[in-house]
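Down below is the structure, laid out as structure tokens.
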Amino acid sequence: MVAVDLEVWSELGLLVAILGVASVVAWATTVVAVIQAFNGASWVSVIVWGVIAIAVTATRGAAQRAAVRHEMQASVQTLEAAAAASPALTEAIEYFGSGDYQRLGRTPPPHPTPVDVGGLVLMLLSWVFAIGGTVLSVIGSFQVLNDVWWVLVLGIVLLLLAGPLHRLQKSRYASRVLAVYEHEMVGPLPKTPSQELRLALWQFAQAAAPGGASTDTRVAQMVDVYTEMVAAWGEDQ
């Protein structure tokens, strides 16, 4: 089973985080260079740091897109591997992927979303670390002029931790929220699906659910597709 999706410190994820930090610092340094240039310093520094900032930002964007593609490929491979060993899951994928489900416009009753306080805390922390780390990194780039380094270092640490926290939150979502849907709507399974398979099936359910509906209806449809596919997978275990 492909486990790349749940690795906290994946190579591409770490690269994106590092480039994100470098991009923030480079742009902040460019602003500092502009201020110094207006005070009589050379504009060469502005040009150099501006070019560096643009190059790092572009590289970070390319790395981010590569990371997304890599994660999607891992999800597809996980789904394909599971379908190859489960004829019932293959049939469910063909049905939900064909558009028949969307055309039927099935509206299952809403199912309450399981409350996961720990997952909510991880999600909020990832956002706080990402936003706070960016702000501190910008401020720290100015503070370096006064030989104050701790603000910049703290900002960099927060930015580097934001990505892993987000991945931990995804892992927890699979083990806590999706597992509750399975238990309450499918019942006992001969074998427990892996977290990678759960997330792959959930991503497929998000794509298969019809659009244009209210948020509650769409979530209910995603849960419906997900639990139907888990039940189909369980038939062959």
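Assorted remarks:
- DSSP loop chymotrypsin sites (Phe, Trp or Tyr not before Pro) with at most 11 other Cβ within 10 Å: longest gap in the chain: 10-148
- The angle between the Cα long axis of helix 150-173 and the longest principal axis of the Cα atoms of the chain comes to about 10 degrees, rounded to the nearest 10.
- Inter-part distance where the range 128-149 and the range 154-219 are each reduced to a Cα centre, Å: 33 Å
- Max-minus-min Cα coordinates of the chain on each principal axis give 73, 34, 32 Å, with the largest extent listed first.
- With Cα atoms, 0 to 90° folded angle of helix 11-38 axis to the chain main axis: 30 degrees
- Global form of the range 160-237, assessed from the alpha-carbon gyration tensor, a/c cut-off 1.5: oblate
- Our helix-only sum for the chain, with -39,500 (n - 2.57) per DSSP H run of n ≥ 4 divided by its residues, gives a mean residue ellipticity at 222 nm of -25000 deg cm²/dmol.
- The trypsin sites (Lys or Arg not before Pro) found in the range 139-187 include none that occupy coil by DSSP while having at most 11 further C-beta atoms within 10 Å.
- Expressed as a whole percent, the accessible area of the chain that falls on carbon and sulfur atoms is 66 (1.4 Å probe).
- Degrees, to the nearest 10: 44-84 long Cα axis against longest axis of the chain: 10 degrees
- Label-point gap, in nm, between S175 and V51 - each point 7 angstrom along Cα→Cβ: 4.8 nm
- Relative contact order of the chain, pairs being alpha-carbon contacts under 8 Å that are 6 or more residues apart, as %: 29 percent
- Accessible area per residue, Å², the range 56-204 with all protein chains present, probe 1.4 Å: 56 Å²
The values are calculated or read from the model by the stated rules, or taken from the named source; none is laboratory data. Not measured: the values here are computed from a predicted model. Neighbour counts are summed over all protein chains in view; Cβ atoms, including those assigned to glycine, are modelled from backbone coordinates with ideal geometry. Please note that ligands, DNA and RNA were not included when accessible areas were found on the heavy atoms of the full protein model with its side chains. Shrake-Rupley method; radii C 1.70, N 1.55, O 1.52, S 1.80 Å.
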